[in-house]
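Quick note: the coordinates plus some simple rules give every number you see, no bench work behind them. Owing to the predicted nature of the structure, the values given are computational and were not obtained by experimental measurement. Every residue, glycine as well, gets a Cβ built from its backbone with ideal geometry; the counts of neighbours run over all protein chains shown.
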Amino acid sequence: MNRYTLESKYAIGAGQGQQGDIVIAVMGSTGTGKSSFVKLLTGDKGVKVGDTLESETSEVKVVRFLDPLSGRKITIVDTPGFDDSRADVSDTDTLRIITNFLLDEYDKDRKLNSLVYFHRISDPRFSAQSGRNLRMFRGLCGKAAFKNVIALTTFWDQVSVDEGDKREAQLKSNFFKDLVAGGAQFIRHDRTIESARQVLRRIFTLAPAITQIQREIREDGNSLEDTAAGSVLREEVERVIAKYREEVADLKSEIVTVTKRGEAVRQQLVEERATLQQELARWERERSELKKGLGEAKESSKRLEAETSKLQAQLVGMKARQGSARDNSEIGAMESPPPYQEGRSAQSIVQILFPSEKFQFNHSDKYPPYLKRIPPKYQTGALGIFDFTSLLQTTAMLSFQPGTLSRIRNLAPEFSTTRSMEDLVNRNHELHTKSQQSDSVRDMYFAKNIGHRDDWYTDAAFGQQQLTGTNPTTITLAPLRWITEFKTASRTQQRADVTSLLTDYPQSLFVQDYSDFRSSMGLSPSDEFVSEGRYACSSVALFHLEPEGKLHPLAITLDYKGSMEDSVTIFNRRITSITPGDEETDWPWRYAKMCVQVSDWLRHEVAVHLVNTHLVEEVIIVAANRTFEPHHIVFQLLEPHWNTTLSLNKAAREVLVPKIIIGMTGFTATQTYAFLKEAYYQFEWTDSYVPNDLRRRGFPIEDLDKVKYHNCGYARNIARMWEILRNFVSMVLTEAYASDAQVANDRFISAFCNEARSHSLGQLASLPDIETLDELIDFVTMCIHIASPQHTAVNYLQQYYQTFVPNKPSALYTRLPESLAQLQDFGEEDMLMALPIHEPRDWLLMAQVPYLLSFEVPDDTNILHYATTISDSSSTPSIIRDAALVLKEDLEAFIGTVAQYSQELDDQQTPYLVLDPSKTAVSILI
């Protein structure tokens, strides 16, 4: 029986919401003011309001009343809060209660006009529990219903106006960002009837909507556990169960250990263990309840399905009696099997219906879903991935102790003899010369790096790195928000020249925006980034793409803390790229640029590189192996691009991240893992298609050959490479599929999408349904793009740009200045002390890790070799072989295009040839 009560107002009746009613669901954590709001709006004194910490809304209450001003009938659904304070009510109970009500409304063909989500503006920080609640709410609503959401902030009387404004801005730009982007509106509720009526006026303008959880259960047939909202809860339940199990096991071991130490101590531990076991049992019951889910709803759904099948059978019989027949072409599209090179065996069909134990998703608090165990076929040892000498050097640096391993120690500067930045530059030259002349093993300084350039510190070099450096993928056309904030700061600092430029050229302003670091990590705007003496920052850098194509830095906020007023912002003394000035001794500005590089180090290494290529591709690999037959044409197109990726990712999870990356930054392990997982959840599949991505970021493909964009080497190269790859994929799949209908009815493609998206499996929520040939072509192109040119572009330039540590350190070693005046007093010594010159191990790792990850692609593993090999192989399916011949010709021609684009750059000191097909890896090799 559904657990909701019904109340009536103005003698309209005691039934639930009726057709034509305005239906509003109010949701949020316990104690956010939901029931108070309902009581205020309806005047219903029967609605209980909680004065203590215990929740008063114990079940869904439906309050129906007549709005006297509009004359409209309104139904308000008052829901219990998640994180309910009563011991006998779990989050699973709450979710099931709310879901049961929504399904009941769905079955009666009623839709919600609005979902009002309550949040206390007085909360000083957005807690982990609040984050889970909001994720459940988002999953319950779904993107299609975001436009019907009102985020109602409450308890404004408990904060100052300024503080409330800051918190509201942070909620909009960070935690509720996707909701706001989808059309949700923020409204402030100050406990007055007028603010409550403002909510109603907004709702009156909204068309009713169906929520995602209704579609998932009623239309997709998912269990509660497998819905987007249910999966958030399941993850937390599993985490708590694992925690309690570990504690119980530890206590059991400790009981055995202390048995001889006295009965009293032993008894105390036994009681503690019993308490933990009771908690564990409670959480396991909740997991069981979650799995059991909506039993009655399932049975109802089965009955509906049976009735539907019966009606469909009757309809078919009627058509048959009338002598109707389906069109032959339609039959072919619907019934022809998916394209395979060979027929399906009974064994292969069993493998599809029951995915092999060899490819099972694993889940953790630290990483996106990954392969539980790597099958022997895909295993590659460390020496098959990394250069032996470089790996050995890195291992030695990890175990580095002062006074030992002198040859390695000498690769880092001596604190006692380093007096200037010029000393570091000279040492860089000396180490390069020494490495070149050595007859022994190579080291990180064998190849030249950016420190060999006389202008490595200049605005020109800094700006060009945003377009052709290690991370050319996040520089974005500046939104109005940042233009406005920097314009306000320019007025405060009396920089009328900057104000004028920002006003006159808004479509030529770009940003590197790292301001979301704190929200991604669950921190408040004022929290400091510090870990074991290392400091970090979340910078925002503003650039002007000048008409002649120079990307010139204009302003930098060192560490954005929720507003410009609470942050330190500095403007470039040089308003244009041709404005004269002594860049070498402008230490405050050079320090600001170094802060941007520290911020980009995390974004690049963890999000752009590790998550958006390595870990996203792993989900594709696992889901594909679970759902496609080996002879399916999609599988055959994708598999060559998986070489070494699974083993490499395993090494990243077990060694690179926990033992190296976390020890190189100013972020704690908890913060780093939170940022990593959030990057995965924020990954947008179709938005990342090259044409979509470039246009969204302000680099329209049709304009890339214009003078203004001639320095955009990455954009110009990646756009052409996408065209080449998509043409190859299109040639194959157009031959394999006769129509869109055949794609839509390929059950293996459908199964793949479902597994990759499922919250219990791949969790790649943005992956779209694939129902047309064009969509399939884009999808396969994207998979190859991620593994080959995209990974190549963000990986293989690390040695050049990062081995010279002052250009892009991974952390700062002194606290950031707290005011503009303090920053403006910075000199060369402050720059030096911010570098790890007194921490040789850290310096060595900052220089060595990029070297370890940047070895040249072997000739037999580049994408041109792949095209050449499969176009010549008789074992390759003919439709792939024929298309590969065209791919080979296109790639060979593209080599010249890459060289041409490089020669057209203003910067001729550093060629941009990383996407030359003879240098582009066919898969994520390192």
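Overview of results
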{"item": "Candidates per trypsin sites (Lys or Arg not before Pro) in the stretch 692-739, loop by DSSP, up to 13 other Cβ within 10 Å", "result": "Lys706"}
{"item": "Cα-projected label distance for Ala181 with Lys108, points at 7 Å along beta-carbon direction, nm", "result": "3.7"}
{"item": "Between the stretch 590-618 and the stretch 88-161, the Cα center-to-center distance that results, in Å", "result": "33"}
{"item": "Environment charge of Thr920, counting only residues whose C-beta is closer than 14 Å and scoring Lys/Arg +1, Asp/Glu -1", "result": "-3"}
{"item": "Full-stretch length increase - Thr576, Phe204 - with 0.36 nm per residue and alpha-carbon distance subtracted", "result": "128.9 nm"}
{"item": "Simple spin-label estimate for Arg215 and Phe446 in nanometres, 7 Å along Cα-Cβ", "result": "5.4"}
{"item": "Charge context of Leu704, other residues only, Cβ under 10 angstrom, K/R +1, D/E -1", "result": "+1"}
{"item": "Simple Cβ-charge dipole of the stretch 82-221, Lys/Arg +1 and Asp/Glu -1, about Cα centre, in debye nearest 20", "result": "440"}
{"item": "Difference of contour (0.36 nm per residue) and Cα-Cα distance, Asp830 to Arg419", "result": "146.8 nm"}
{"item": "Set Lys706/Lys808; Lys111/Lys143; Lys434/Lys659; Lys166/Lys561 screened for pairs whose C-alpha atoms are more than 20 Å apart", "result": "Lys706/Lys808; Lys434/Lys659"}
{"item": "Fewest-first sequence of Trp722, Trp642 by Cβ atoms within 10 Å of each Cβ", "result": "Trp642, Trp722"}
{"item": "Peptides ranked, highest mean first, by Cβ atoms within 10 Å: ranges 537-545, 503-511", "result": "537-545, 503-511"}
{"item": "Sites matching GluC sites (Glu not before Pro) across the stretch 821-881 that sit in DSSP coil, with at most 13 neighbouring C-beta atoms within 10 Å", "result": "Glu856"}
{"item": "Segment Asp455-Arg695, length gained on full extension (0.36 nm per residue, minus Cα span)", "result": "83.3 nm"}
